[in-house]
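Everything on this sheet refers to the single structure shown next.
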Amino acid sequence: MNKVRAHTNIALIKYWGKADTLLRLPLMSSLSMTLDAFYTETSIEATDGPDQFYLNGSLQDDRTAKRVFKYLNLLKQNYGKIDNLLVKSDNHVPTAAGLASSSSAFAAMAAAFDSYYQLNLSKRDLSIWARQGSGSASRSIFGGFSIWQKGHDSASSYAYPIDENPQMDLHLLAIELNVKKKKLSSTQGMLQAKSSPFFQTWLDRNEQEISQMQDAISNNDFTKLGELAELNANEMHAINLSAQPGFTYFEPNTLKAINIVHELRSEGIECYYTLDAGPNLKILCQLRNVKFIKNRFESVFDNVNIIDASFGPGITYLD
Ligand code: PMV
């Protein structure tokens with residue numbers, strides 16, 4: 001068996017803009033936190049029949065499996081493999097938590113391929129391969145905090161860990177406001193965002209934001225980390241709003257949730273938000289405030305599901 005587990009990650013400094021769509025090369029570097037609460041387990045083995053992809057125990061039809069097969073063909077071609085493969089993935093991402101599972105999915109798949117064929121790829125090479133499945137997956141090879149450096153070609157665009165065992169008191173509360181599939185794919189959103197008059201500013205600020213975030217992490221400065229993450233998320237969503245045509249992933253409840261964060265802060269409860277290509281807010285806070293913040297969101301939103309996560313590990317080989 002060649003089962004591999006990879007955890008999802010949340011970008012604190014985000015990737016939002018591609019330099020090369022096919023190779024998934026980014027226009028900026030990004031920095032993320034790998035999460036313990038959400039992961040994908042994937043195993044790969046050869047089969048006599050055609051390529052098959054099972055997700056959460058059910059065989060996927062060709063349309064759904066297309067992206068996976070295309071990805072596996074890329075790997076097979078590169079390493080001269082011709083077997084048909086049976087791929088089984090289980091997503092342990094609590095029912096559509098609004099957290100992209102593609103980061104853990106492609107990190108696990110690249111590592112499972114490596115494991116099945118005993119290629120002994122370095123983590124850097126695994127990150128390069130994971131990136132070609134989904135950009136954010138490049139960072140899920142590592143635990144704790146990692147940076148995906150943008151690089152200038154495929155060989156130089158990979159993630160590396162900056163602290164795989166952070167001691168920082170940092171929790172992420174995923175607030176499930178809407179669990180439906182996102183309206184606009186991240187690929188489409190990134191393409192459209194380029195038409196914003198502020199897009200260049202977004203790019204120009206990237207290096208500074210990465211280095212400020214690294215300082216916040218090395219100084220164990222939760223306040224700075226939260227402020228920078230919130231600012232970066234707001235910048236990303238501002239370029240979406242100011243694109244031509246403009247668009248947004250925000251929904252009425254997103255704004256309502258943002259207001260709760262503002263309210264909590266004015267009451268002295270320190271917390272910050274970040275959000276990705278969807279309407280669900282993720283709250284950054286410290287352990288002592290987790291319960292209070294959860295209670296506040298639960299009192300405003302009926303039956304809202306809130307998942308508490310902290311630092312997760314990098315890829316793990318299960319057997
Ligand atoms: O790699 P993708 O296609 O899932 O894009 C990720 C985009 C964001 O989640 C919004 C930001 C990021 O860096 O993860």
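All of the numbers you see were taken from the coordinates with simple rules; none came from a lab. Note that this is a predicted model, so its numbers are computed, not measured. Using ideal geometry, Cβ is built from the backbone for each residue, glycine included, and neighbour counts are taken over all protein chains shown.
Hey, what did the chain get for relative contact order, percent, Cα under 8 Å, at least 6 apart?
Details: 673 pairs, mean separation 80.3, N = 319.
Taking the mean separation of contacting Cα pairs over the length of the chain, I get 25 percent.
Per-residue ellipticity at 222 nm for the chain, helices alone: DSSP H runs ≥ 4 residues times -39500 (n - 2.57), over residue total, nearest 500 deg cm²/dmol?
It lands at -11500 deg cm²/dmol.
Going by the alpha-carbon gyration tensor, a ≥ b ≥ c the square roots of its eigenvalues, is region 171-309 rounded (a/c under 1.5) or, if a/c is not under 1.5, prolate (a/b greater than b/c) versus oblate?
oblate
Can you tell me the dipole magnitude for the chain around its Cα centre, using point charges on the Cβ only (Lys, Arg +1; Asp, Glu -1), in Debye to the nearest 20?
680 debye
Between Asp319 and Phe198, 0.36 nm times their residue separation minus their Cα-Cα distance comes to what?
Gain on extension, Asp319 to Phe198, equals 38.7 nm.
P(r) for the chain, please, calculated from all Cα pair distances in 10 Å bins and given in %.
6, 27, 35, 23, 8, 1, 0
How about Lys70: which lysines have a C-alpha closer than 27 Å to its C-alpha, ignoring those fewer than 8 places off in the same chain?
Lys3, Lys14, Lys18, Lys81, Lys88, Lys123, Lys150, Lys180, Lys181, Lys182, Lys183, Lys194
Between region 114-187 and region 263-319, how far is it from one alpha carbon centroid to the other, in angstrom?
Answer, in whole Å: 20.
At 25 °C and a viscosity of 0.890 mPa s, what translational diffusion coefficient does Stokes-Einstein give for region 4-165, taking Rh as the Kirkwood radius over Cα pairs? Give it in µm²/s as a whole number.
Estimated diffusion coefficient is 157 µm²/s.
For a paramagnetic label modelled at 7 Å from the Cα of Lys81 toward its Cβ, which residues of region 283-319 fall within the zone defined by backbone nitrogen distances under 11 Å?
none
Suppose R0 equals 45 Å; then what is the FRET efficiency for Asp48 and Asp20 from their Cβ-Cβ distance, rounded to the nearest 0.05?
Details: r = 37 Å, r/R0 = 0.81.
Approximately 0.80, to the nearest 0.05.
Suppose R0 equals 45 Å. What FRET efficiency, 1/(1 + (r/R0)^6) with r the Cβ-Cβ distance, do Gln188 and Gln167 give to the nearest 0.05?
0.70
Could I have the simple spin-label model distance between His262 and Ser156, label points 7 Å from Cα toward Cβ, reported in nm to one decimal?
Label at His262, label at Ser156, 4.3 nm between them.
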